[in-house]
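Asker: Following this message is one structure expressed as structure tokens.
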Amino acid sequence: MCAAGRRWGRRQRALLWAVLLAAWEAAWGQLRYSVPEEMPKGSFVGDVAKDLGLQLPEIRDRGVRVVSEGRTQYFALHGKTGHLVTADRIDREQLCRLVEKCVLRCELIVEGQMQVYGIQVEIMDINDNAPSFKEVELEETIGETTSPGSRFPLPEAHDPDSGRNSLQSYELSGDEHFSLAVQAGPGGDQRPELVLAKALDREEAAFHELVLRAMDGGDPARTGTARIHVTVVDANDNVPVFSQAEYTVRVPEDVPVGSVLVTVTATDADEGLNGHVKYSLKKVSDMASNIFHLDSQSGAITLLQSLDFEEGDSYELEVQARDGGDHFDTAKVTIAVTDINDNAPVISVRSALSEISEDAPTGTVVALLHVQDRDSGAKGEVRCSLDGNVPFRLEKSYEDYYRVLTARELDREQVSEYNVTQAQPNTDWRFSQTQRPGTSGSQNGEEAGAWPNNQFDTEMLQAMILASANEAADGNSTLGGGNGTMGLSARYGPQFTLQHVPDYRQNVYIPGSNATLTNAAGKRDAKNAAPAGGNKKKSGKKEKK
């Protein structure tokens, strides 16, 4: 009870002091009131009649009125109640933008007494404004090489309210790369700063979206927000990287000129000029530089001139990719040329006899041939054979060498000369064997049944040496007369001639003629024609009839 009595005593004393103060102020002609802002028109401010000890009839009769400086009248006296009321809605932030305490003054004039009473009305702030930013979308640019701990000033929010209703704090939401620091300004204002907490990487994230919030101290608190769009400026911190360290491509030697053989690709994670890659050849032979072209923009390697497997079966290039700065990468490009069967075997006579005795023993070497095919592998393997009914055979000698040997005894009286040729390839090869005597440049001796002026035309047998090459596995041959073989053009090889040493001691009987051959001075005498169908005979001596 004692404690409650003491509390009640304090309240009574406080109320008494308030009454005495009001009475003292009234005695001195000064009234003080307070009213929240934004009250509607006609809201109660104070009981002027009571505070000044005026009776209501006296207020009506003596012409009591309220006046204010300026054009706007914020207060009025209610004649029936003697209350001071608002004449309009009052916005504290509009009237007192730059001051902490907003007080409006007016005077109460009692015309009958010629008395003036001063009245001060404090406009109390309410939390009718939220903190706001001048711009709600903020742009910030930070280089990706900026050191952590760097600070960037942010715009301040503004709250026209006062006291606790004004701006009190900031907070930042976003990601781990950024934090918020608030510095106190000279006038006690708060200045927010964006702090880089973690190093940036544009290739990891080119943009960061943050939200800055400004809060007042009202209950409930009001909040203003601004979005911060942070753009990470690229630094040339990435090197171009080829998709492959080595590129290997196999192309046939007959690939058309202008074909794209391979395209190299390098990527750079940087943007703009720092990420723009150009290609160049850094290590290439003079021959390869004339054969291949590298497009500096696309990385395509094209063929400038025809390939030849026999001239080069593989080429190595070193390609460099460089960005807009000083970073580069290199890759190795290997172009392997595959062989096609585009070369015919070539037969050349390295050594040959111009004449041979008809009594030469079987197996006598008459020529040494060299056979070569510039193609590789199975396409370059050559088989050599001697076709035709000729008294010769081929024998493998050393590697690509063949020897032409006599296969049986020779008989000059049957064939005096052999012309061994390389033949034109076709499917209708013929081997001619001329065994008819006649005048030079003619073969009508058999028809006339007479010897041709004691002279021998060269009787020869044309034989063909054929070189066939194994084709590719598909057996599609574009040269020669049939699958699996390749014929040879006559321009590839020479020819050689074998001629018997003359022997005029022998007589030869020619069918269809009765002429005989004598060895006197090596001439032939014409005789009367004998019946046709006789057999040819020979002897080491002269034959008599």
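Asker: Looking only at segment 201-235, which residues are open to solvent by less than 40 Å² (accessible area, probe 1.4 Å), out of contact with any Gly (no Cβ under 7 Å at 6 or more places or on another chain) and aliphatic (A, V, I, L, M)?
Answerer: Ala205, Ala206, Leu212, Ala226, Ile228, Val230, Val232
Asker: Filter segment 29-84 down to residues that are open to solvent by 40 Å² or more (accessible area, probe 1.4 Å) and aromatic (Phe, Trp, Tyr) and give me whichever is nearest to Val110 (Cα to Cα).
Answerer: Tyr74
Asker: Further, regarding this structure: When you go through Val251, Val195, Val260, Val241 one by one, which is the residue that is more than 24 Å from Ser298 (Cα to Cα) and of a type outside the set (Phe, Trp, Tyr)?
Answerer: Criteria check complete, one pass: Val195.
Asker: Please work out which residue is nearest to Gly217 (Cα to Cα), limiting yourself to segment 163-174 and to residues that are assigned to a strand (DSSP E or B) and touching a Leu at 6+ places or on another chain (Cβ under 8 Å).
Answerer: Checking each candidate, the answer is Tyr170.
Asker: Give the number of residues within segment 357-397 that are modelled with pLDDT of 85 or more and of a type outside the set (S, T, N, Q).
Answerer: Summing the residues that are modelled with pLDDT of 85 or more and of a type outside the set (S, T, N, Q) in segment 357-397 gives 17.
Asker: Taking segment 326-339 as the region of interest, how many residues are crowded, with 17+ Cβ neighbours inside 10 Å and either more than 33 Å from the chain's Cα centre (by Cα) or in a loop (DSSP other than H, G, I, E, B) (or both)?
Answerer: 2
Asker: Tell me, which strands (runs of 3 or more DSSP E) wholly within segment 175-282 include 2 or more residues that are touching a residue at least 40 places away in the same chain (Cβ under 8 Å)?
Answerer: 190-196, 207-216, 223-233, 246-252, 260-263
Asker: Quick one: which of Glu271, Glu316 is closer than 30 Å to Gln372 by Cβ and of a type in the set (D, E, K, R)?
Answerer: Glu316 is the lone residue from the list that is closer than 30 Å to Gln372 by Cβ and of a type in the set (D, E, K, R).
Asker: Residue check, Thr263 against (1) open to solvent by 20 Å² or more (accessible area, probe 1.4 Å); (2) closer than 30 Å to Ala378 by Cβ, all met but one. Which one?
Answerer: Of (1) open to solvent by 20 Å² or more (accessible area, probe 1.4 Å); (2) closer than 30 Å to Ala378 by Cβ, only one is false for Thr263: (2).
Asker: Specify the residue that is farthest from Leu196 (Cα to Cα); the eligible residues are those in segment 141-170 that are of a type in the set (Asp, Glu) and either open to solvent by less than 40 Å² (accessible area, probe 1.4 Å) or at pLDDT 95 or above (or both).
Answerer: Top of the filtered list is Asp161.
Asker: What residue, among those in segment 287-307 that are in contact with an Asp or Glu (Cβ under 9 Å, 6 or more places away or on another chain) and in a strand (DSSP E or B), is surrounded by the fewest Cβ atoms within 10 Å (Cβ to Cβ)?
Answerer: Going through the qualifying residues, I end up with Thr302.
Asker: Continuing with the same structure: Any residue at all in segment 313-322 that is open to solvent by 20 Å² or more (accessible area, probe 1.4 Å), over 17 Å from Thr248 (Cβ atoms) and part of a loop (DSSP other than H, G, I, E, B)?
Answerer: no
Asker: Same structure, new question: When the residues of segment 103-122 are filtered to those that are open to solvent by less than 20 Å² (accessible area, probe 1.4 Å) and modelled with pLDDT of 90 or more, which remaining residue is farthest from Val35 (Cα to Cα)?
Answerer: Gly118
The values are calculated or read from the model by the stated rules, or taken from the named source; none is laboratory data. What you see is a predicted model; the values in this text were computed from it and never measured. Backbone-built Cβ (ideal geometry, glycine too); neighbour counts: all protein chains shown. Heavy atoms of the whole protein, side chains included, go into the accessibility calculation; ligands, DNA and RNA do not. Shrake-Rupley method; radii C 1.70, N 1.55, O 1.52, S 1.80 Å.
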